[in-house]
Amino acid sequence: MDSNEKRRPRVTGLGNLPEKVDVYEVGPRDGLQNELRTLPTRDKARLIEALIAAGEKRIEVTSFVSPKWIPQLADAEELLHLVGRREGVTFSALVPNLKGLTRAKEAGLEEAAVFISASEAHSKKNINKTIAEAVAEARQTTEAALKAGLRVRGYLSTVWGCPYEGEVPVSRVVEISRALVDGGIYQLSLGDTIGVGTPRQTETLLNALLDHVPVEKLALHLHDTRGTALANALVGLQLGVTTFDASIGGLGGCPYAPGAAGNLATEDLVYMLHGMGVKTGIQLDKLVEAGMVAQELIGRKLAGKFLQAALGEREKKANRRATT
């Protein structure tokens, strides 16, 4: 054995992985809210239908934020009416406050999502509130939603870093997370809003949180700005996280986070999970069909790597058939 072999690290494997993972599709909301062009309601419904056909069961379809701030999602009530209710499928939407909750209840929403930032600067830019004010409002909205019979999910953004403040203290993330979970949300989605997270950082962050929050209450919402979303998802998987937010084709970004690229692509996540023997209940071929619908509606190629690889293979096969 030479000296290089002696220094080589021992490969320990991936450890115990969960048998099944929930994919929480955010493309129709988080994806479309960052598009300059507003899609017609019928086109949004068509995309949602394609996602359901692929086997997606948890889909965030819209937002009840003021249309003045996000005009792309001003048709929330109309969209929910158009897609209706589907057995075995949960539709959710962002609900920022009691006014938004009233609209959501009247539209027949089953699950609401409140949102907070872990950065003071981002919170002010995003909702013009301090973190303390935002937490208080989120807890108030959660309480009212629970009384109305809705389940409530929470989002905590800029967890790995802020476009205005840089590094965000882990202690602050833990404090806000505990306040939201104690307020009654069933799950907290941790957001790498600008895609700066690295696997070691993700491990440190999750280990700190798991001292205070049960792992089943945590989800990861990862952006792929620097190409590390899947790597961070794998760390979460190894630490017991079983819900991951993703967006068809990698659609998305954040209007209040300059430079934030799209979300982790649903098809990339599902491909990785299936390749490791982790079930999702989603059909990859049908997910590609949904990605094709998304590209057609958006009018450009999307960033999802599996999607582009699959479409490239289809094109090659079509060309071979045409020349034989």
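The values are calculated or read from the model by the stated rules, or taken from the named source; none is laboratory data. The structure displayed is predicted, hence computed values, not measured ones. FYI the Cβ positions are ideal-geometry reconstructions off the backbone, even for glycines, and counts take in every protein chain you see. Just the protein is used for accessible areas: all its heavy atoms, side chains included, with ligands, DNA and RNA removed. Shrake-Rupley method; radii C 1.70, N 1.55, O 1.52, S 1.80 Å.
Residues in region 188-216 that are of a type outside the set (G, A, S), open to solvent by less than 10 Å² (accessible area, probe 1.4 Å) and not in a loop (DSSP other than H, G, I, E, B): how many?
The qualifying residues number 7.
Six or more apart or on different chains, Cβ under 6 Å: which pairs go from a residue in region 144-160 that's within 14 Å of Y186 (Cα to Cα) to one that's among the aromatic types (F, W, Y)? Could you list them?
Going by the 6 Å Cβ cut-off, the qualifying pairs are R151/Y186; Y155/F115.
May I ask you to verify whether L273 is in contact with a helix residue (DSSP H, G or I) (Cβ under 7 Å, 6 or more places away or on another chain) and either open to solvent by less than 50 Å² (accessible area, probe 1.4 Å) or modelled with pLDDT under 95 (or both)?
Spelling it out, it is not the case that L273 is in contact with a helix residue (DSSP H, G or I) (Cβ under 7 Å, 6 or more places away or on another chain) and either open to solvent by less than 50 Å² (accessible area, probe 1.4 Å) or modelled with pLDDT under 95 (or both).
For V293, state whether it is over 19 Å from F244 (Cβ atoms) and either touching a strand residue (DSSP E or B) at 6+ places or on another chain (Cβ under 7 Å) or not acidic (D, E) (or both).
Yes.
State whether one or more residues within region 166-188 are under 19 Å from W69 (Cβ atoms) and more than 19 Å from the chain's Cα centre (by Cα).
No, there is no match, as no residue in region 166-188 is under 19 Å from W69 (Cβ atoms) and more than 19 Å from the chain's Cα centre (by Cα).
Can you work out which of the residues in region 52-73 that are at pLDDT 95 or above and over 10 Å from R29 (Cα atoms) is most open to solvent (accessible area, probe 1.4 Å)?
K57
Go through (1) touching a residue at least 60 places away in the same chain (Cβ under 8 Å); (2) touching a Lys or Arg at 6+ places or on another chain (Cβ under 8 Å); (3) farther than 30 Å from A144 by Cα and name the single condition V196 misses.
Only one criterion in (1) touching a residue at least 60 places away in the same chain (Cβ under 8 Å); (2) touching a Lys or Arg at 6+ places or on another chain (Cβ under 8 Å); (3) farther than 30 Å from A144 by Cα is unmet by V196, namely (1).
Given the criteria modelled with pLDDT of 95 or more, assigned to a helix (DSSP H, G or I), touching a helix residue (DSSP H, G or I) at 6+ places or on another chain (Cβ under 6 Å) and β-branched (V, I, T), does I48 qualify?
yes
Answer with yes or no whether L237 is within 17 Å of E56 (Cβ to Cβ) and assigned to a helix (DSSP H, G or I).
No, not satisfied.
Which of the residues belonging to region 199-219 are in contact (Cβ under 8 Å) with a residue 24 or more places away in the chain, closer than 24 Å to S92 by Cα and over 19 Å from the mean Cα position of the chain (by Cα)?
Scanning region 199-219 gives a single hit, V213.
Do you know which residues across region 74-84 are among the hydrophobic types (A, V, I, L, M, F, W, C) and open to solvent by 30 Å² or more (accessible area, probe 1.4 Å)?
A74, L82, listed by residue number.
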